[in-house]
1. Extent of the chain along each principal axis, from alpha carbon coordinates, in Å, largest to smallest?
2. Mind ordering 52-60, 3-11, 32-40 by average Cβ neighbours within 10 Å, highest first?
3. Given R₀ = 22 Å, FRET efficiency for A71-D11 by Cβ-Cβ distance, to 0.05?
4. Which one of L42, L30, L68 has the biggest mean-square fluctuation once the chain is modelled by GNM with Cα springs under 10 Å?
5. When only C-alpha pairs under 8 Å and at least 6 residues apart count, what is the relative contact order of region 21-74, in percent?
6. In degrees between 0 and 90, to the nearest 10, how far off the longest principal axis of the chain does helix 70-82 point, with axes built from Cα atoms?
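Just so it is clear, none of the values below were taken in a lab; they were calculated from the coordinates. Since the structure is predicted, the reported quantities are computational estimates derived from the model, not experimental observations. As a convention, Cβ positions derive from the backbone with ideal geometry for all residues, glycine included, and neighbour counts pool all protein chains shown.
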Amino acid sequence: DEAIGRARVADAVTNARLKVRFAPDWLGWLPFVWADYWVIDLADDYSYAAVGEPSRDYLWILSRTPTLPDATYEAIVNRVTAQGFDTAKLVKTRQEP
């Protein structure tokens, strides 16, 4: 499946807080179609990122490769758990190379 979204920077100091929408362009003027997406963990080389939102109801661990080393994944999970995210709800999505 594919989702096409549009993002804009919400915090120009860090660039870590974004407003993202998946609604069509013609609805972009409505404030409620924009959601908060915060980069809460990021590799120095940008090989992975953890993205969540303020209520901590949603969390994604994103990678530039189909898989992450187990130790890297567990380290990310530990850091976002310490930030209050319920990582028990994480589901790994199989990625085809």
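1. Taking the Cα atoms of the chain, the three principal extents are 43, 30, 27 Å.
2. Numbers: 52-60: 13.9, 3-11: 10.9, 32-40: 15.7.
Top to bottom by mean Cβ count within 10 Å: 32-40, 52-60, 3-11.
3. On the way: r = 30 Å, r/R0 = 1.38.
Efficiency, from the Cβ-Cβ distance: 0.15.
4. Its mean-square fluctuation being the largest, the pick is L30.
5. Details: 55 pairs, mean separation 11.5, N = 54.
RCO, region 21-74: 21 percent.
6. Orientation of helix 70-82: about 60 degrees from the principal axis.
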